[in-house]
Amino acid sequence: MPLFADIALPVPRPGIFTYAVPEGWAEGLAPGMRVEVRMGSRLAVGLVLRLHDDAPEGYAVKPLGSILDEEPVLTPELLDLAHWTAKAAFASVGEVVQAMLPAGLKPDAERRGSRKPPPPMPVDPTRMHALHPAQAAAFEAVRQALDQGEGAFLLFGVTGSGKTEVYIRALYEAWTRGKSGIVLVPEIALTPQTVRRFRTVFGDQIAVLHSRLTGRERADTWADIRHGRKTLVIGARSAVFAPVADLGLLIIDEEHDASYRQEDPSPRYDARDVARRRCATAGAVYLAGSATPSLISLHQAAHGALRLLRLPDRPEGSELPEVRILDLKSYKKAMRGPLAVPVFLAVEAALDRGEQAILLYNRRGYSRYLQCGDCGHRVECPDCSVTLTYHRPSDSLRCHYCGHHERRPLRCPSCDAPGLLDMGSGTQKVEAELEELFPKARILRMDRDSTATRGAHDQMLTAFGNREYDILVGTQLVSKGLDFPEVTVVAVVHADTELAFPSYRSGERLFQLLTQVAGRSGRAAKPGTVFLQTWQPDHPAIQTAARHDFEAFARAEMGGRKRLDWPPYSRLVTFEFKGRDDATVMRIAERFAAAAEAEGGSPVLGPSPSTVHRMQRDWRWELVLKTPVAWDEAEREARIERILYQFKQMKEPGAGSVRINIRTQG
Ligand code: ADP
Ligand code: ZN
């Protein structure tokens with residue numbers, strides 16, 4: 001009978017603690033079960049990793065509190081995946097388990113009362129289309145991989161080329177073989193149309209793991225999957241951990257999407273990497289698709305780690321829209337509100353024909369910030385180093401980083417002069433301007449504020465699809481995965497907003513956004529026009545997006561990355577230092593940089609202040625290592641561990657007040 005249990009707790013690394021197994025408890029205990037234990041003065045829930053007889057040295061072992069499960073909540077496969085993810089994300093296993101389980105590591109609602117699950121509707125393959133030749137070829141490759149129980153694909157096809165149809169067929173194929181399948185989408189709330197298409201074919205056989213499910217609904221869904229009542233799953237990032245047995249196929253839609261990386265809190269994992277690992281160990285096929293694949297996936301495809309499948313055309317004669325770049329410098333005198341005259345005229349003409357328009361403005365709120373006309377002071381968040389955004393419906397100033405909000409001040413907080421000026425615009429102001437420009441049009445605004453309530457996003461899209469509105473204006477939310485046949489004009493009001501935070505990825509992000517939004521136009525038989533209003537008409541991302549030339553974009557961008565040694569030609573390890581005192585954080589980051597320099601082997605960039613230097617009262621500094629891609633993960637980890645160790649040995653005063661987060665990228 002084992003005397004000790006190693007327990008993973010949801011605390012930073014290493015986060016594994018040994019407890020004593022009380023006499024007679026060993027029978028009912030297995031790895032993957034949750035237990036309650038005493039941690040300091042409080043009770044915490046942890047997960048059993050291992051049962052053993054090795055008495056730990058150096059501390060008195062406390063007994064386990066209670067066992068919360070009758071059977072493991074995590075299968076050995078998922079437990080293994082948790083270990084792998086923890087290593088890859090520099091997180092503790094407990095933090096990963098916290099992200100995996102439906103209610104995190106908490107005593108949950110799952111066991112309170114039992115719900116009789118509805119019988120699954122039958123799967124209806126008649127709702128699938130006959131594939132056109134390019135789709136059939138892509139599908140055939142996936143089918144053969146399913147036969148072999150291995151294979152990893154990158155499905156590259158312009159928006160509307162029929163990728164979703166291929167996913168559906170592939171999933172159906174896995175299902176008929178008695179295998180389970182997982183479909184990852186960027187964010188469930190943003191992709192209701194995609195989810196609906198899977199539901200039309202798979203009915204209730206497919207479980208939807210929704211970020212806005214209540215705790216109880218999530219636990220029920222999780223239990224349905226865990227007990228094999230549902231074998232197909234569609235969900236956002238964390239659905240990569242769905243407890244399906246016998247995984248056959250894992251699909252990642254819009255694989256370039258930033259939401260597949262969890263940034264905060266820990267574990268800072270990348271669902272694409274986790275998915276690759278899970279498929280490799282489970283003997284499942286990995287199928288990632290996009291109209292604008294990430295350069296990292298593209299690089300993998302070029303080196304054979306992913307097999308490239310292409311869908312070159314849109315089906316049934318629906319053409320890619322014409323894209324016109326409008327240089328805002330030459331329209332200074334020819335603007336109608338936020339729109340250059342040609343855009344205004346095109347929207348007006350579309351409305352006259354009874355068609356619809358979508359306008360993207362990627363900033364929410366009314367005015368971007370308030371500025372004093374006397375002293376020039378800008379009103380900032382008390383806890384973050386950013387300006388506050390004015391929101392008109394609530395007449396309040398809001399911080400888009402920490403949520404701080406306050407009434408709009410009547411006088412300048414710095415010099416007390418009256419009359420603060422509204423500077424810059426957000427979707428609320430654009431909406432108001434459009435109401436003046438098109439008094440008869442029915443205008444719908446979609447951004448994080450207007451979609452805050454549960455189901456709002458879906459309702460809005462349905463209403464727009466039912467032609468209850470003429471113009472949809474909003475942030476990037478309007479660019480995701482929508483398919484409206486009556487939309488013939490799409491305009492990006494200010495294409496440069498993505499370039500405001502410079503990063504080696506900003507060109508890639510801009511290209512992706514422009515391509516996604518351009519894909520909203522002319523989806524059906526009606527031809528569409530896309531307008532890009534910009535101050536930088538010659539920017540390569542704007543030029544190539546306008547020509548729908550992903551390959552030209554990727555070639556140029558890849559060349560630049562190679563010259564400067566950015567991913568995919570290096571793998572970045574970013575250390576983020578956070579603390580209440582700026583000088584201390586900076587000093588710690590500098591000392592850490594010295595330890596990293598001493599380790600050698602890769603260039604050390606920084607430390608430098610983070611893009612938002614202060615957030616939620618913490619001052620933040622960053623240090624980036626450009627590590628060679630030739631290092632394997634084990635070597636990279638070993639070197640990072642050595643740097644951490646060397647830094648600890650320095651015993652730098654104040655180190656205890658600074659938190660260090662680590663994430664890798666590339
Ligand atoms: P993507 O996922 O690449 O954007 P979709 O799969 O959404 O493309 O396809 C675009 C449109 O074409 C959808 O309305 C879809 O129903 C339709 N479609 C795709 N493939 C076929 C096909 N083989 N036969 C008929 N219609 C198709
Ligand atoms: Zn703030």
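Using a 1.4 Å probe on the protein chains only, how many percent of the accessible area of the chain belongs to carbon and sulfur?
51 percent
Tell me, what is the per residue accessible area of region 223-319 in Å², probe radius 1.4 Å?
34 Å²
Say the dipole of the chain comes from +1 at the beta carbon of Lys and Arg and -1 at that of Asp and Glu; which of Y172, V323, A595 then lies farthest toward its positive end?
Toward the positive end, the furthest listed residue is V323.
Run the helix sum for the chain: -39,500 (n - 2.57) per DSSP H stretch of 4+ residues, divided by residue count, reported at 222 nm to the nearest 500 deg cm²/dmol.
After summing the helix terms and dividing by the residues of the chain, the value is -9500 deg cm²/dmol.
Let me have the relative contact order for region 248-398, percent, based on Cα pairs under 8 Å that are six or more residues apart. Walk me through the intermediate numbers first.
Numbers: 126 pairs, mean separation 19.8, N = 151.
After rounding, I find 13 percent.
Based on the alpha-carbon gyration tensor of region 158-261 and its eigenvalue square roots a ≥ b ≥ c, which shape applies: rounded if a/c is under 1.5, prolate if not and a/b is larger than b/c, or oblate?
Oblate.
Per 10 Å bin from zero, what fraction in whole % of the C-alpha pairs of the chain is there, up to the bin with the longest pair?
Here the calculated profile for the chain is 3, 13, 22, 26, 21, 11, 3, 1, 0.
Determine the equivalent ellipsoid of region 385-476 by diagonalising the alpha-carbon gyration tensor, then write out the semi-axes as square roots of 5 times the eigenvalues, largest first, rounded to whole Å.
Computed over region 385-476, the values are 30, 17, 9 Å.
Between A20 and E71, what is the FRET efficiency for a Förster distance of 25 Å, r being their Cβ-Cβ separation, to the nearest 0.05?
On the way: r = 23 Å, r/R0 = 0.90.
Here the calculated transfer efficiency is 0.65.
Radius of gyration and Dmax for region 570-665's Cα atoms, expressed in Å?
12.9, 39
Which value, in Å² rounded to 10, gives the accessible area of E641 with a 1.4 Å probe and all protein chains present?
80 Å²
Using a basic spin-label model with each label point 7 Å from the Cα along Cα→Cβ, how many nm lie between S385 and K648?
My value for the distance between the label points is 3.1 nm.
If the label point is 7 Å along Cα→Cβ of V61, which residues in region 1-20 have backbone nitrogen under 14 Å from it?
Within reach of a label on V61: 1-7, 17-20.
Can you tell me the dipole magnitude for region 3-102 around its Cα centre, using point charges on the Cβ only (Lys, Arg +1; Asp, Glu -1), in Debye to the nearest 20? Present the calculation step by step, with values, prior to reporting the outcome.
Details: 7 positive and 13 negative charges, 102 e Å.
So the magnitude is around 480 debye.
To the nearest 10 square angstrom, how much accessible area does V386 have with a 1.4 angstrom probe?
20 Å²
For region 281-328, list log₁₀ I(q)/I(0) at each q in 0.21, 0.22 Å⁻¹, using the Debye formula over Cα point scatterers of equal strength and ignoring solvent, two decimals each.
-0.90, -0.93
Kindly identify region 125-311 as rounded, prolate or oblate by the Cα gyration tensor criterion: order the square roots of the eigenvalues as a ≥ b ≥ c, call it rounded if a/c is under 1.5, otherwise compare a/b with b/c, prolate if a/b is larger, else oblate. All intermediate terms of the calculation are to be shown ahead of the outcome.
On the way: a/c = 1.42, a/b = 1.18, b/c = 1.21.
Rounded, since a/c falls under 1.5.
Work out the P(r) tail for region 284-411: percent of alpha carbon pairs separated by more than 24 Å, whole number.
63 percent
Distance check, please: which entries in K179/K480; K440/K526; K332/K440; K163/K329 exceed 31 angstrom between their Cα atoms?
K163/K329
Order D383, D395 by their accessible area, 1.4 angstrom probe, all chains in place, largest first. Let's see the in-between values first.
Details: D383 35, D395 55 Å².
Of D383, D395, the descending order of accessible area is D395, D383.
Can you give the relative contact order of the chain as a percent, counting alpha carbon pairs under 8 Å and 6+ residues apart?
11 percent
Could you compute the FRET efficiency for H132 and D264, with r as their C-beta to C-beta distance and R0 at 41 Å, rounded to 0.05?
0.45
L43 to E435: extension gain in nm, 0.36 nm per residue of separation minus the Cα-Cα distance?
135.5 nm
Note the full-extension length gain between D565 and D416 as 0.36 nm times their separation in residues minus their Cα-Cα distance, in nm to one decimal. Write out the running numbers ahead of the final one.
Numbers: separation 149, 0.36 × 149 = 53.64 nm, distance 4.97 nm.
Separation in residues times 0.36 nm, less the Cα-Cα distance, equals 48.7 nm.
Per-residue accessible area for H377 at 1.4 Å probe radius, Å² rounded to 10?
Counting only protein heavy atoms, H377 exposes about 60 Å² to solvent.
Please quote Rg/Rh for region 3-102 to two decimal places, taking the Kirkwood radius as Rh and restricting both calculations to Cα atoms.
0.94
So for each of 562-573, 337-348 I average, over its residues, the number of other beta carbons within 10 Å; can you give me the resulting order with the highest mean first?
So the order, starting with the most tightly packed, is 337-348, 562-573.
Along Cα→Cβ, 7 Å out, is where each label goes; now give me the distance between the ones at A463 and D395 in nm to one decimal.
For A463 paired with D395, the spin-label model returns 2.5 nm.
If packing is taken as the mean number of other Cβ atoms within 10 Å per residue, what is the order of 36-45, 134-143, 266-275, highest first?
Result, highest mean Cβ count within 10 Å first: 266-275, 134-143, 36-45.
Rounded to the nearest 0.05, what FRET efficiency do S608 and D538 have when you use their Cβ-Cβ distance and R0 = 22 Å?
Taking R0 as 22 Å, the efficiency between S608 and D538 is 0.15.
Provide Rg and Dmax in Å for region 150-212, with only Cα atoms included in the calculation.
Answer for region 150-212, Rg first and Dmax second: 12.2, 33 Å.
The values are calculated or read from the model by the stated rules, or taken from the named source; none is laboratory data. If you're wondering where the values come from, they're calculated on a predicted model, not measured in any experiment. Ideal geometry is used to build each Cβ from the backbone, glycine not excepted, and the neighbour counts take in all protein chains shown. For the accessible areas, the whole protein counts, side chains as well, though only heavy atoms, and no ligand, DNA or RNA atoms are used. Shrake-Rupley method; radii C 1.70, N 1.55, O 1.52, S 1.80 Å.
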